[in-house]
Amino acid sequence: NSRQLIFVSNRSGVANVWQINADGTGEQQITSTPANDAGPAFSPDGTKIAFVSNRDRGNFDLWVMNADGSNAAQLTRKDNPFSTISDGGPAWSPDGKTLAFERWTGNWNLYTLNAADGANLKQLTASTQYHNGEPTYTPDGKSIDFTSSQSGWWQIWQMNPDGTGAHQLTGLR
């Protein structure tokens, strides 16, 4: 959303999502729970915010809400809330239909799911030796850029939205 920014602040004692106009006016708290809410990302049309929260337990799950903070809905781990996995770093596809995100299961790996309801969870990377994180769709939606430690140092990599064709972009000298 070009006129509003979202950010996280813990000024209430826990991390919550806040919104402010790009000119610095109109600051307001969007979430207000006893849990930590983090990693907010506006949908391409600016009507939704994806974020992670540890509501009801210690690990973070992926959530989506309206841009005003209403109708928050949990997308991940609804069927197994006590697992030890943790989600982070949501990124919207350009069409707003899919979210890419990182998941901790002993290593960070990348996944996608339907932004509307959390269906069609798909694992894109499956490393047990290195970490993959911080997914970002390219503006045309044809690739996902991400960071990976698989070359020994953190570098930028790119893959197709289905997880195929992963290749390193930086540090290739």
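The values are calculated or read from the model by the stated rules, or taken from the named source; none is laboratory data. In this text the structure is predicted, and so the values were computed from the model without any measurement. Reconstructed Cβ throughout: ideal geometry from the backbone, glycine too, with neighbour counts over all protein chains shown. These accessible areas exclude ligands, DNA and RNA; they are computed on the full protein's heavy atoms, side chains included. Shrake-Rupley method; radii C 1.70, N 1.55, O 1.52, S 1.80 Å.
A compact table of results
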quantity: Unmet criterion (only one of (1) surrounded by fewer than 21 Cβ atoms within 10 Å (Cβ to Cβ); (2) more than 11 Å from the chain's Cα centre (by Cα); (3) aliphatic (A, V, I, L, M)) for ALA41; calculated: (2)
quantity: Test: GLU102 is open to solvent by 60 Å² or more (accessible area, probe 1.4 Å) and within 20 Å of SER53 (Cα to Cα); calculated: no
quantity: Test result for PRO44, in a loop (DSSP other than H, G, I, E, B) and either aliphatic (A, V, I, L, M) or in contact (Cβ under 8 Å) with a residue 24 or more places away in the chain (or both); calculated: yes
quantity: Looking only at the range 112-137, and only at residues there that are farther than 15 Å from VAL64 by Cα and among the charged types (D, E, K, R), the one that is least open to solvent (accessible area, probe 1.4 Å); calculated: LYS122
quantity: Unique residue being open to solvent by less than 30 Å² (accessible area, probe 1.4 Å), of a type outside the set (Phe, Trp, Tyr), without any contact (Cβ under 8 Å) to a residue 24 or more places away in the chain and not in a strand (DSSP E or B) when the list is ARG77, ARG55; calculated: ARG77
quantity: Total residues in the range 156-173, condition polar (S, T, N, Q) and buried (at least 16 other Cβ atoms within 10 Å of the Cβ); calculated: 1
quantity: Residue list for the range 139-153, restricted to those being assigned to a loop (DSSP other than H, G, I, E, B) and open to solvent by less than 50 Å² (accessible area, probe 1.4 Å); calculated: GLY141, SER143, SER149, SER151
quantity: Count of the range 1-32 residues which are closer than 21 Å to ALA115 by Cβ and in a loop (DSSP other than H, G, I, E, B); calculated: 4
quantity: In the range 74-90, residue modelled with the lowest pLDDT [restricted to those that are in contact with a strand residue (DSSP E or B) (Cβ under 7 Å, 6 or more places away or on another chain) and farther than 25 Å from GLU27 by Cβ]; calculated: ARG77
